[in-house]
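Engineer: I'd like to ask you about the structure that follows.
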Amino acid sequence: MTARSARWNVATRLLHWLSAAAIVAALGLGVWMVRFVDDAAGKFDLYQRHKTLGAAVFALAVARLLVRAATRGPDWPEAMSRARRAAAGAVHGALYASILATAATGYAMVSTSPIPLPVALPGGLSVPNLLAPDFAASERWKFAHLACAIALGALAAAHAGAATWHRFVDRDDVLSRMGFGWRA
Amino acid sequence: MAARVPFLVLAIATSAALAAAGARAASAAWRIDPAHTSVGFTVDAVGFPRTKGTFSKFFGKISLDFARPERSSVAFRVSAASVDVGSPSFDDYLRTDAFFDVAKFPDIDFVSTSVRMVDPTHAEVTGDLSLRGVTRPITIEVAVDRPPSRDARRLGFTATGSIPRLAYGMNAGFPAISNDVVLTVTTAAIAP
Ligand code: HEM
C-alpha cells in the first residue's frame, strides 16, 4: 500500500468532471447532429445547442488552466515510472491543446461561415463573429474541427483508459484523488 | 341616425346593382379557401438538409375570366412573420434582418400582371413579387386541377416558381444557402 497523497483541490475536481461531462456531451451531440439527424429544423436547434455547449467546454478549459497555474496538484504516485509520468504529462498537455483547438476551430468555422449565426450564450448574449465570411475557409475549418474532435476523442479515451488502469491494475489512488467520495 | 338611413338604402341599392352587373361581367372574383391553401417553400444548402417551410398567414384573391383567361388575375399577400419551418428558434432566425427582416418588411406580395394559357389546365402567370422592399417581375407556373368551366364551384390550383433571393437583397448565407428558393402554393378557390 502506497501512502495516500492529497486530493486535487476542489476547484480542479469540479472543473475536471464538469469538463468531462461537457466534452462527452459535445462529442456525442456533434456526431449525432451531423450524421444522424436529417431534418433541417431539428438540425438547426441541435447545432445551436452544440455551439453553446462548445463555448462552455472552452470556458471550463480556460478556468481549469487558470486554476492549474495558480495551484499545485498532488505528486505522481511513487511507483510510476519516469516513462509513464512523461506519457501522462504528454497526454494531459495534448488534451488541453485539443480541447482548445476543437473549440477554436468550431468558432472559426461558424465565424467565417457566410451564414451570420453567432454562438448563443445564456442571457441572450452571443459571441460576435469576428472573422470575415469566407465559404471556402469555413469549409476548411469544418474539416479541421472534425480532425481536432477526433483527436480529442482519442486522447480522452486514452486518458480514461489510463485512469482505469491505475484503479484496477496499479491499484493506486490516481483516480480517487480526482473524486469526491471513496479513496483508494 | 336619420342621416344614415338614406345612406344604408343607397348602399344596398348600389351593391344590388353591382351584383347584377357582376353576373354579366366577364371576370368574377373567386375566394381562396384558407383551409385548403398552403404557401410553401424549399431551400437547399451545402452540407445541410433541404429546409422546407410554409407561411401560415396569407390573403389572396383570384379573378377568373373563362372567356378570356388572359384577363384573369391573382393577388397574394403573405405575412412574412408567419414563416414556419418547424422550429421556433429557426423561425425567429428567419424573421431577423438576415432574411425576411419582418420588422421592416412585414408583407410579401405577389400581384399578377399577365396570364398566358399554355393548355387548358396550365397557365404562365407573370407578376410583381415584392420581398424585402424590392419589387421585381417573376413568372409562376400554374396548374389547375381540371379545365376551368363556368359551372365549377371549386377549382384547385398549384403554383410553382423559383425566387432568386439575391435579387431581393436577401444575401445572407450565400453560397452555403442556395440563391433559388422554390415556391409551391396549393390552393382551392371557391366560386363567387
Ligand atoms: C470543444 C468542444 C467541442 C467538441 C468536443 C466538438 C465536437 C464536434 C464533433 C464530434 C462534431 C461532428 C463532426 C462530424 O461528425 O463531422 C462537431 C461538429 C460541429 N461543431 Fe463542434 N465541438 C466542440 C466545440 C464547438 C464549438 C465551440 C463550435 C462553434 C462555435 C462548434 C461548432 C460545430 C459545428 C457548426 C459543427 C457541424 C459541422 C458540420 O456541419 O459538419 N463546435 N463538433
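The values are calculated or read from the model by the stated rules, or taken from the named source; none is laboratory data. The model shown is predicted, which means the values in this text are computed figures rather than measured ones. Glycine gets a Cβ as well: all are built from the backbone with ideal geometry, and neighbour counts include every protein chain shown. Each accessible area value is taken on the protein alone, full model and side chains, heavy atoms only, with ligands, DNA and RNA left out. Shrake-Rupley method; radii C 1.70, N 1.55, O 1.52, S 1.80 Å.
Engineer: Residue A:149 - would you say it is among the small types (Gly, Ala, Ser), away from chain B (no Cβ under 14 Å) and not in a strand (DSSP E or B)? Reasoning before the result, please.
Structural biologist: Details: among the small types (Gly, Ala, Ser): yes; away from chain B (no Cβ under 14 Å): yes; not in a strand (DSSP E or B): yes.
Yes.
Engineer: Here is a further query. From the list A:16, A:50, which residue is in contact (Cβ under 8 Å) with a residue 12 or more places away in the chain, under 24 Å from residue A:157 (Cα atoms) and within 14 Å of chain B (Cβ to nearest Cβ)? Before the answer, list the steps.
Structural biologist: Numbers: A:16 fails: within 14 Å of chain B (Cβ to nearest Cβ).
Only one candidate qualifies: A:50.
Engineer: Answer yes or no: is there a residue in the range A:10-23 that is open to solvent by 70 Å² or more (accessible area, probe 1.4 Å) and more than 29 Å from residue A:128 (Cα to Cα). If you could, list the steps in order and put the result at the bottom.
Structural biologist: Going through the range A:10-23, the residues open to solvent by 70 Å² or more (accessible area, probe 1.4 Å) turn out to be A:10, A:14, A:17-18.
From the residues that got through so far, the ones that are more than 29 Å from residue A:128 (Cα to Cα) too are A:10.
Among the residues of the range A:10-23, at least one is open to solvent by 70 Å² or more (accessible area, probe 1.4 Å) and more than 29 Å from residue A:128 (Cα to Cα), which makes the answer yes.
Engineer: Can you tell me which residue among B:76, B:90, B:100 is within 13 Å of chain A (Cβ to nearest Cβ) and crowded, with 20+ Cβ neighbours inside 10 Å? Steps first, please.
Structural biologist: On the way: B:76 fails: within 13 Å of chain A (Cβ to nearest Cβ); B:100 fails: within 13 Å of chain A (Cβ to nearest Cβ).
Only one candidate passes the filter, namely B:90.
Engineer: If you check residue A:65 against the conditions, is it open to solvent by 50 Å² or more (accessible area, probe 1.4 Å), in contact (Cβ under 8 Å) with a residue 24 or more places away in the chain and either within 11 Å of the ligand (Cβ to nearest atom) or under 19 Å from the mean Cα position of the chain (by Cα) (or both)? Working first, answer last.
Structural biologist: Numbers: open to solvent by 50 Å² or more (accessible area, probe 1.4 Å): yes; in contact (Cβ under 8 Å) with a residue 24 or more places away in the chain: yes; either within 11 Å of the ligand (Cβ to nearest atom) or under 19 Å from the mean Cα position of the chain (by Cα) (or both): yes.
Yes; evaluated as a whole, the condition is true for this residue.
Engineer: All but one of (1) out of contact with any Lys or Arg (no Cβ under 9 Å at 6 or more places or on another chain); (2) open to solvent by less than 50 Å² (accessible area, probe 1.4 Å); (3) over 20 Å from residue A:16 (Cα atoms) hold for residue A:91; which doesn't?
Structural biologist: Going through the list (1) out of contact with any Lys or Arg (no Cβ under 9 Å at 6 or more places or on another chain); (2) open to solvent by less than 50 Å² (accessible area, probe 1.4 Å); (3) over 20 Å from residue A:16 (Cα atoms), residue A:91 breaks only (3).
Engineer: Scanning for something under 30 Å from residue A:132 (Cβ atoms) and away from chain A (no Cβ under 14 Å), does the range B:148-155 turn up at least one residue?
Structural biologist: Of the range B:148-155, the ones under 30 Å from residue A:132 (Cβ atoms) are none.
No.
Engineer: Then there's this: For the range B:64-73, what are the residues that are touching a strand residue (DSSP E or B) at 6+ places or on another chain (Cβ under 7 Å), of a type in the set (Gly, Ala, Ser) and open to solvent by 30 Å² or more (accessible area, probe 1.4 Å)?
Structural biologist: Answer for the range B:64-73, where residues must be touching a strand residue (DSSP E or B) at 6+ places or on another chain (Cβ under 7 Å), of a type in the set (Gly, Ala, Ser) and open to solvent by 30 Å² or more (accessible area, probe 1.4 Å): just B:73.
Engineer: How about the range A:34-50: which of its residues are open to solvent by 60 Å² or more (accessible area, probe 1.4 Å) and either modelled with pLDDT under 95 or farther than 17 Å from residue A:22 by Cβ (or both)?
Structural biologist: Listed by number, the residues that qualify are A:34, A:35, A:36, A:38, A:39.
Engineer: Could you give me the residue pairs with C-beta distances under 7 Å whose first residue belongs to the range A:91-115 and is within 14 Å of chain B (Cβ to nearest Cβ), whose second residue is near the ligand (Cβ under 6 Å from one of its atoms) and open to solvent by 40 Å² or more (accessible area, probe 1.4 Å) wherever it lies, and which are 6+ apart or on separate chains?
Structural biologist: A:109/A:142
Engineer: Restricting to the range A:68-91, and then to whatever is among the charged types (D, E, K, R) and part of a loop (DSSP other than H, G, I, E, B), can you tell me which residue is farthest from the ligand (Cβ to nearest atom)? Reasoning before the result, please.
Structural biologist: Step one: of the range A:68-91, the residues among the charged types (D, E, K, R) are A:68, A:72, A:75, A:78, A:82, A:84-85.
Applying the additional criterion that residues be part of a loop (DSSP other than H, G, I, E, B) yields A:72, A:75, A:78.
Working: A:72: 27, A:75: 29, A:78: 35 Å.
Among those that are among the charged types (D, E, K, R) and part of a loop (DSSP other than H, G, I, E, B), it is A:78.
Engineer: Also: Do we find that residue A:157 is within 11 Å of the ligand (Cβ to nearest atom) and more than 12 Å from every other protein chain (Cβ to nearest Cβ) in this structure? Quick ask: steps written out before the conclusion?
Structural biologist: Numbers: within 11 Å of the ligand (Cβ to nearest atom): no; more than 12 Å from every other protein chain (Cβ to nearest Cβ): yes.
Judged against the criteria, residue A:157 is not a match.
Engineer: Okay, next question. Out of all the residues in the range A:105-125, which are near the ligand (Cβ under 8 Å from one of its atoms) and among the hydrophobic types (A, V, I, L, M, F, W, C)?
Structural biologist: The answer is A:109, A:110, A:119.
Engineer: Do we find that residue B:37 is among the hydroxyl-bearing types (Ser, Thr, Tyr), surrounded by 14 or more Cβ atoms within 10 Å (Cβ to Cβ) and under 30 Å from residue A:139 (Cβ atoms) in this structure?
Structural biologist: Numbers: among the hydroxyl-bearing types (Ser, Thr, Tyr): yes; surrounded by 14 or more Cβ atoms within 10 Å (Cβ to Cβ): yes; under 30 Å from residue A:139 (Cβ atoms): no.
Considered against the rule, which asks whether it is among the hydroxyl-bearing types (Ser, Thr, Tyr), surrounded by 14 or more Cβ atoms within 10 Å (Cβ to Cβ) and under 30 Å from residue A:139 (Cβ atoms), residue B:37 comes out as no.
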